[in-house]
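Colleague: What follows is a single structure, and I will ask about it in a moment.
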Amino acid sequence: MVKKELIDRSPLRVFEKSIQGGVGKGNIGVVASKKGVGKTACLTHIAVDKLLRDRRVLHVSFAGNVDHIINWYEDIFREIAKKRDLEEVQRIHDEIIKNRVIMNFSFAGTTTEQILGSIKAMITEGHFPADSIIVDGYDFEHGSLERFQKVSAFAKEMQIEVWYSASLKGEQPKFNAQGIPVEVEPYLNAIDVLINLRYEGEYVHLEVVKNHDEIGVKDLQLSLDPKTLLIAE
């Protein structure tokens, strides 16, 4: 399969169609679930799909070590290429890597202004005009709406789409009556798209609970492949 066909047949096209064409420039999307369900794989699949479409992705990590992030990108790309029998795998791999930058910060020891300043310097002085920012490991429980709103304002100023992962507490996370995770609820007005990952049997389903101006749980008819953790129809 050639790259264009792989892109056209990707389940991410169904995903985007389900959320009004995507999160959109200047907007924020969040993927929420308890730990170990597949948030990082889900966000990495979204990022790799953008890289395959020649977009630039800036991945922000608070994990302290970026090796596992790099491994996630390698694993997800390898699984996509294998599943779709992609032609010219190595050439495409080498091409998309050039369009990805990973930045690592300490959540407790770095201010939002410092983080956004570093990202802006990478975009302007580093000549890396990112189309999307992936934020993995942000602590919603100990973060603040003020901090989150600064990122929202930055996304609008720079016309960049931002995706966050949100880890929910405990084996049985709590949700409000509208299906909003309690950890994410204080930030809801600054979020444009909110996706929950939910176990049903051995499969993890994707459901949208905020779709731009619409709030309410809707199954996206997509799930994570239990073996590869790729988003699948």
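Colleague: Of the options Ser223, Ala153, Thr112, report the single residue whose Cα projects farthest towards the positive end of the charge dipole of the chain (beta-carbon charges: Lys, Arg +1; Asp, Glu -1).
Modeller: Ala153
Colleague: Please report, in debye to the nearest 20, how large the charge dipole of region 1-91 is about its Cα centre when each Lys and Arg carries +1 at its beta carbon and each Asp and Glu carries -1 there.
Modeller: For region 1-91, the charge dipole is close to 300 debye.
Colleague: Here's another thing I want to ask about it. Just one of [x] 1.06; [y] 0.96; [z] 0.90 is Cα Rg over 2.2 N^0.38 Å calculated from these coordinates, so which is it?
Modeller: [y]
Colleague: What's the magnitude of the charge dipole for region 85-208 around its Cα centre, counting Lys and Arg as +1 and Asp and Glu as -1 at the beta-carbon? Answer in Debye, nearest 20. Don't skip to the answer; put the middle values down first.
Modeller: Values: 10 positive and 21 negative charges, 97 e Å.
The calculated dipole for region 85-208 is roughly 460 debye.
Colleague: In region 1-81, what percent of the accessible surface is made up of carbon and sulfur (1.4 Å probe, ligands and nucleic acids excluded)? Mind dumping the intermediate values first?
Modeller: Working: 1490 of 3140 Å².
After summing per-atom areas, the C and S share lands at 47 percent.
Colleague: Given the pairs Lys34/Lys227; Lys35/Lys156; Lys4/Lys35; Lys98/Lys227; Lys98/Lys120; Lys35/Lys120, which span a C-alpha to C-alpha distance of over 26 angstrom in this model?
Modeller: Pairs exceeding the cut-off: Lys35/Lys156; Lys4/Lys35; Lys98/Lys227; Lys35/Lys120.
Colleague: Further question on the same structure: Determine the distance separating the Cα centre of region 208-233 from the Cα centre of region 73-118; give it in Å without decimals.
Modeller: That distance is 22 Å.
Colleague: How much accessible surface area, in Å² rounded to 10, belongs to the heavy atoms of Met1 with a 1.4 Å probe?
Modeller: Only protein atoms counted, so the area is about 40 Å².
Colleague: Taking amide H atoms as placed 1.01 Å from N in the peptide plane, list the residues 5 or more away in sequence, or in a different chain, whose amide H sits under 5 Å from that of Leu168.
Modeller: The answer is Ser33, Lys34, Lys35.
Colleague: Now for a different question. Relative contact order, percent, of region 148-233 when contacts are C-alpha pairs under 8 Å separated by at least 6 residues?
Modeller: 18
Colleague: If contacts are Cα pairs under 8 angstrom and at least 6 residues apart, what is the relative contact order of region 1-135 in percent?
Modeller: Here the relative contact order equals 35 percent.
Colleague: Got a sec? Charge dipole of the chain, +1 on Cβ for Lys and Arg, -1 for Asp and Glu; which of Val135, Val14, Gln90 is way out at the positive end?
Modeller: About the Cα centre, the residue reaching furthest to the positive side is Gln90.
Colleague: Please state the charge dipole magnitude for the chain, taken about the Cα centre, from unit charges on C-beta atoms (+1 on K and R, -1 on D and E), reported in debye and rounded to the nearest 20.
Modeller: 180
Colleague: Using just the helices of the chain, give the 222 nm mean residue ellipticity in deg cm²/dmol: DSSP H runs with n ≥ 4 each add -39,500 (n - 2.57), and the total is spread over all residues, rounded to 500.
Modeller: Helices in the chain give a 222 nm mean residue ellipticity of -10500 deg cm²/dmol.
Colleague: Might you tell me the accessible area per residue for region 93-233, computed with a 1.4 Å probe and given in Å²? Write down the numbers at each step before the final one.
Modeller: Numbers: 7120 Å² over 141 residues.
Using a 1.4 Å probe on heavy atoms only, each residue of region 93-233 averages 51 Å².
The values are calculated or read from the model by the stated rules, or taken from the named source; none is laboratory data. These numbers come from a predicted model, not from an experiment. Neighbour counts run over all protein chains shown; Cβ positions are idealised from the backbone, glycine included. Note: accessible area is taken over every heavy atom of the protein model, side chains too, but ligands, DNA and RNA are not part of it. Shrake-Rupley method; radii C 1.70, N 1.55, O 1.52, S 1.80 Å.
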